[in-house]
1. Out of the residues in region 18-28 meeting the condition of being surrounded by 12 or more Cβ atoms within 10 Å (Cβ to Cβ) and over 11 Å from CYS39 (Cβ atoms), tell me which one is farthest from the chain's Cα centre (by Cα).
2. Please indicate, with yes or no, whether at least one residue in region 49-56 is assigned to a strand (DSSP E or B) and either at negative phi or touching a Pro at 6+ places or on another chain (Cβ under 6 Å) (or both).
3. Test ARG57 against the criterion of being within 17 Å of MET1 (Cα to Cα), surrounded by 10 or more Cβ atoms within 10 Å (Cβ to Cβ) and over 10 Å from the mean Cα position of the chain (by Cα), and give yes or no.
4. Looking only at region 8-35, which residues are outside any loop (DSSP other than H, G, I, E, B) and closer than 14 Å to LEU65 by Cβ?
Amino acid sequence: MPRYDVPQNIGKVRVAMGVGGKYTVWNGKQGKHEFAIPCRNRKQAEEIAKLLNSKERPKEIQISL
């Protein structure tokens, strides 16, 4: 299961359709400050986005693919 370190200044994240039809939790930025987590399905992506947009955001998140 991959682990992702969540930066402190991630901003608001949203669910987007990524490459190959995969749902992705994405912060809307490109380049150096881009943050994206590919997810298994839309439900999982929405749960992760809700967790990351809350005030009690974890420093790292583990995703099951």
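The numbers here are math on the coordinates, done by the rules we state, and not lab data. Keep in mind that this is a model prediction, so the values were computed, not measured. Using ideal geometry, Cβ is built from the backbone for each residue, glycine included, and neighbour counts are taken over all protein chains shown.
1. Once the filter is applied, the top-ranked residue is GLY28.
2. no
3. No.
4. GLY20, TYR23, THR24, VAL25, listed by residue number.
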